[in-house]
1. Out of the range 93-115, which residues are within 23 Å of residue 21 (Cβ to Cβ) and in contact with a helix residue (DSSP H, G or I) (Cβ under 7 Å, 6 or more places away or on another chain)?
2. Please find, among 57, 138, the residue that is at pLDDT 95 or above and within 16 Å of the chain's Cα centre (by Cα).
3. Can you name every residue in the range 132-158 that is over 16 Å from residue 58 (Cα atoms), out of contact with any helix residue (DSSP H, G or I) (no Cβ under 7 Å at 6 or more places or on another chain) and in a strand (DSSP E or B)?
4. Can you pull out the residues in the range 257-299 that are within 29 Å of the chain's Cα centre (by Cα), over 30 Å from residue 223 (Cα atoms) and surrounded by 12 or more Cβ atoms within 10 Å (Cβ to Cβ)?
5. Is it fair to say residue 88 is under 17 Å from the mean Cα position of the chain (by Cα), part of a loop (DSSP other than H, G, I, E, B) and closer than 30 Å to residue 258 by Cα?
6. Condition check: touching a helix residue (DSSP H, G or I) at 6+ places or on another chain (Cβ under 9 Å), outside the structural domain of residue 122 (by TED's automatic domain parsing) and at pLDDT 95 or above. Does residue 254 satisfy that?
7. Given the residues 188, 181, which is the only one that is surrounded by 21 or more Cβ atoms within 10 Å (Cβ to Cβ), at pLDDT below 95 and touching a helix residue (DSSP H, G or I) at 6+ places or on another chain (Cβ under 8 Å)?
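The values are calculated or read from the model by the stated rules, or taken from the named source; none is laboratory data. Just so we're clear, the structure is a prediction, and the values are computed from it rather than from any experiment. Note: ideal-geometry Cβ built from the backbone for every residue, glycine included; neighbour counts use all protein chains shown.
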């Protein structure tokens with residue numbers, strides 16, 4: 001007897017390795033999976049504008065990256081003595097205008113190069129409900145706690161999403177002909193919109209993905225939504241808020257993702273990276289400072305060996321962390 005409904009991942013003709021460039025844009029799935037890819041040293045660019053939930057704002061981000069449009073003061077808003085961008089997450093906001101612009105434009109320049117050289121672009125949509133700023137007539141990626149009266153709220157139709165992404169994917173193919181695009185729909189419920197409206201919102205996204213993957217051979221779908229809803233349909237796989245997937249669910253989705261998209265020959269490198277990182281996170285309570293320093297130096301040598309043997313593995317952040325811990329001894 002079968003006691004679960006396992007969800008298969010469709011073939012995408014994609015085999016990612018350490019030489020591959022990977023871009024992730026969208027909602028929480030991109031952060032969870034993108035951070036795992038970075039953990040293992042893959043060349044990964046995650047969320048140029050921060051976490052974004054609606055497809056229109058993801059479209060605007062990718063359009064901006066292709067054109068390499070840099071921001072100026074005219075693109076910012078001053079609210080409560082803080083400079084904000086309605087197209088960006090609050091992590092880009094700053095009391096200093098120049099710092100705000102520097103953070104935004106640094107990511108645009110980095111993202112432009114990453115997109116141009118990427119092998120795969122993962123796009124995750126969370127909701128088709130959008131907030132249009134009344135003054136600028138532009139859909140916001142983040143409302144930054146501005147008054148609700150400053151925005152008009154509505155749900156994008158499937159046709160409107162398909163139309164803008166048909167044009168976008170055509171330009172993406174010209175911009176980077178070797179790019180594979182993988183869509184996902186976030187399993188996180190937007191509960192404040194209500195259970196019924198959340199389902200309608202997700203349905204519009206699913207129908208749009210279906211049309212787009214039918215139109216473009218280089219576009220496919222990763223069933224993160226279905227894995228959580230149909231395979232892991234138990235509250236033990238959720239976080240305390242009963243909305244977001246919990247650690248076990250994230251780990252399971254990552255295993256599905258890695259099995260489907262990461263070249264098997266890279267898995268040994270991943271095991272070596274993971275062993276070093278786990279060792280870095282653990283310190284025996286009985287170890288003396290001198291013993292721990294020797295252990296860190298051993299991890300440093302192992303990391304240097306990996307870097308020499310495979311220069312495509314990004315261990316820059318890992319080396320810096322080890323060096324910081326050695327210096328602190």
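1. Of the residues in the range 93-115, the ones within 23 Å of residue 21 (Cβ to Cβ) are 103-115.
Residues satisfying the conditions are 103, 104, 108, 111, 112, 115.
2. Details: 138 fails: within 16 Å of the chain's Cα centre (by Cα).
Within the list 57, 138, the selection yields 57.
3. Correct list: 151, 152, 153, 154.
4. Here is the first cut: in the range 257-299, the ones within 29 Å of the chain's Cα centre (by Cα) are 257-282, 299.
Still in the running and over 30 Å from residue 223 (Cα atoms): 276, 279-282, 299.
Across the range 257-299, the qualifying residues are 276, 279, 280, 299.
5. Values: under 17 Å from the mean Cα position of the chain (by Cα): yes; part of a loop (DSSP other than H, G, I, E, B): yes; closer than 30 Å to residue 258 by Cα: yes.
Considered against the rule, which asks whether it is under 17 Å from the mean Cα position of the chain (by Cα), part of a loop (DSSP other than H, G, I, E, B) and closer than 30 Å to residue 258 by Cα, residue 88 comes out as yes.
6. Working: touching a helix residue (DSSP H, G or I) at 6+ places or on another chain (Cβ under 9 Å): yes; outside the structural domain of residue 122 (by TED's automatic domain parsing): no; at pLDDT 95 or above: yes.
No; evaluated as a whole, the condition is false for this residue.
7. On the way: 181 fails: at pLDDT below 95.
Result of the check over 188, 181: 188.
Conditions tested, residue by residue: (1) touching a residue at least 24 places away in the same chain (Cβ under 8 Å); (2) closer than 29 Å to residue 254 by Cβ; (3) touching a strand residue (DSSP E or B) at 6+ places or on another chain (Cβ under 7 Å).
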| residue | (1), (2), (3) |
| --- | --- |
| 42 | yes, yes, yes |
| 46 | no, yes, yes |
| 52 | yes, yes, yes |
| 55 | yes, yes, yes |
| 59 | yes, yes, no |
| 62 | yes, yes, yes |
| 67 | no, no, no |
| 72 | yes, no, no |
